[in-house]
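In what follows, a structure is listed as structure tokens, so that the remarks can point back to it.
Every number in this text was worked out from the coordinates using simple rules, so none of it is lab data. All of these numbers come straight from a predicted model, not from anything done at the bench. So basically every Cβ, Gly included, is an ideal-geometry build from the backbone, and we count neighbours across all protein chains shown.
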Amino acid sequence: MNIVVIGWGRDGDAPSAAVRELLGGARRLAEKSGGQVVAGALGAAAQAAQGMVAYGADQVLTVDHPALAEADAEAYAAAAEAVCGRTGEALVLVPGDRLGWEVAPRLAHRLKAGLVTDCVSVDWDGSRFVMTKPVYGGKAMAKLVARTAMQVALVRTRAMEALAPQPGRAGRVEALSVDLAPGRVKVIERKKEETQGQVRLEDARVVVSGGRGLGGPEPFKMLEEIARLLGGAVGASLAAVDAGWISPQHQVGQTGKSVAPDLYIAVGISGASQHVAGMSGSKTIVAINKDPEAPIFRVAHIGVVGDYKEVLPAFLAELRKIKGA
Ligand SMILES: Cc1cc2nc3c(=O)[nH]c(=O)nc-3n(C[C@H](O)[C@H](O)[C@H](O)COP(=O)(O)OP(=O)(O)OC[C@H]3O[C@@H](n4cnc5c(N)ncnc54)[C@H](O)[C@@H]3O)c2cc1C
């Protein structure tokens, strides 16, 4: 069965980081399932079509249209539908960013496809694609298969890994002419997210998060230094955000951001289901908490029972030594 990667945005001539990851995941799946990787390069991504080939697509279908100038989910779903109309039965991977959450259900409806949102992995079991997603607030993982001919998986950012680009890789690029209705969305204001030179939380390989247990805004400076030394980003629980210790863009969880980094360090976070829902897909979870009964230890791979005031400075001192900082 073919695998379609729907992509928007670009990073110069290369596809966006989220699309590079999906192409890597699709390539690995295609090798097992025996299908082709078809990329749908929508809007600005059309200019990164060759880059999509380099990152693993066998074929790229581009759709560029004025209706795709804004993040209009209706227009993007219609463009993605046109791409899928060319591929036959397929598994369609959609990036789990903000636009993706709006596009995937609309696309699934148009394709009469089964939809699995918030996937942290997709595997091939020899005859079907099996999609894994956290359920019950991250307390369990559900493995799902779609019984429909078309299947849509909305994949969490950082859940799949990009392949190294192969600049000379062969692949066909074809421009589709699609008649899209004028957008019904009017953009009235744009606000740029403040990242203060740090890695974006959703893109970070390492996330160092703090909760109410930190007791105030000051200790977040220590978390920031650890994140900087590890090339990561700072996250937070809702309790820390509500207390005004850190801005809402750092919130991880059900009503915050979903992350799936290689390493998630939770400091002074109890592990409420709403927090765990946003980070249980992390590859390695380290929890530092003074309460040995804290629920965070149920999802942590490595648990440190102790006061962060003792644990973190020792950890930071060691890290500075290793990094020569
Ligand atoms: C609809 C809804 C949506 C929500 N969405 C989110 C969400 O997106 N993200 C989110 O995070 N929460 C969310 N919540 C809130 C969630 O239920 C919890 O209240 C919140 O996650 C708790 O944050 P916390 O773990 O920082 O605080 P607490 O639960 O108070 O935990 C603090 C922890 O710090 C430990 N601690 C204290 N002192 C120290 C110390 N010196 N050293 C080490 N450990 C220490 C304590 O043992 C405790 O385990 C949501 C709730 C609702 C109802």
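So is ALA294 among the hydrophobic types (A, V, I, L, M, F, W, C) and within 14 Å of the ligand (Cβ to nearest atom) or not? Quick ask: steps written out before the conclusion?
Numbers: among the hydrophobic types (A, V, I, L, M, F, W, C): yes; within 14 Å of the ligand (Cβ to nearest atom): yes.
Taking the combined requirement at face value, the residue satisfies it.
For ARG158, work out the one condition from (1) surrounded by fewer than 16 Cβ atoms within 10 Å (Cβ to Cβ); (2) assigned to a loop (DSSP other than H, G, I, E, B) it doesn't fulfil.
Answer for ARG158: the failing condition is (1).
Within the range 142-173, can you find the residues that are within 27 Å of LYS112 (Cβ to Cβ) and hydrophobic (A, V, I, L, M, F, W, C)?
ALA142, LEU144, VAL145, ALA146, ALA149, MET150, VAL152, ALA153, LEU154, VAL155, ALA159, MET160
Determine which single condition ASP179 fails, assuming it passes every other condition in (1) under 22 Å from GLN254 (Cβ atoms); (2) in a loop (DSSP other than H, G, I, E, B).
So the condition that ASP179 fails would be (1).
Examine the range 246-253 for a residue that is within 13 Å of the ligand (Cβ to nearest atom), part of a loop (DSSP other than H, G, I, E, B) and touching a Lys or Arg at 6+ places or on another chain (Cβ under 9 Å), and state whether such a residue exists. Give the derivation first.
First, the residues of the range 246-253 that are within 13 Å of the ligand (Cβ to nearest atom): 246, 248-253.
Those still in the list that are part of a loop (DSSP other than H, G, I, E, B) too: 246, 253.
Restricting the remaining residues to those that are touching a Lys or Arg at 6+ places or on another chain (Cβ under 9 Å) gives none.
No: the range 246-253 contains no residue that is within 13 Å of the ligand (Cβ to nearest atom), part of a loop (DSSP other than H, G, I, E, B) and touching a Lys or Arg at 6+ places or on another chain (Cβ under 9 Å).
Does ALA239 qualify as being farther than 12 Å from VAL207 by Cα, of a type in the set (A, V, I, L, M, F, W, C), assigned to a loop (DSSP other than H, G, I, E, B) and near the ligand (Cβ under 9 Å from one of its atoms)? Break it down stepwise before answering.
Working: farther than 12 Å from VAL207 by Cα: yes; of a type in the set (A, V, I, L, M, F, W, C): yes; assigned to a loop (DSSP other than H, G, I, E, B): no; near the ligand (Cβ under 9 Å from one of its atoms): yes.
No; evaluated as a whole, the condition is false for this residue.
Among the numbered criteria (1) farther than 27 Å from ILE285 by Cα; (2) part of a loop (DSSP other than H, G, I, E, B), which one does VAL152 miss?
(2)
Which helices (runs of 4 or more DSSP H) does the range 17-133 wholly contain that include 1 or more residues that are touching a residue at least 60 places away in the same chain (Cβ under 8 Å) and aromatic (Phe, Trp, Tyr)?
Where helices (runs of 4 or more DSSP H) fall fully within the range 17-133 and carry at least 1 residues being touching a residue at least 60 places away in the same chain (Cβ under 8 Å) and aromatic (Phe, Trp, Tyr), they are 73-84.
Looking at the range 144-170, which of its residues are among the small types (Gly, Ala, Ser) and more than 19 Å from PRO95 (Cβ to Cβ)?
Of the range 144-170, the ones among the small types (Gly, Ala, Ser) are 146, 149, 153, 159, 162, 164, 168, 170.
Matches in the range 144-170: ALA149, ALA164, GLY168, ALA170.
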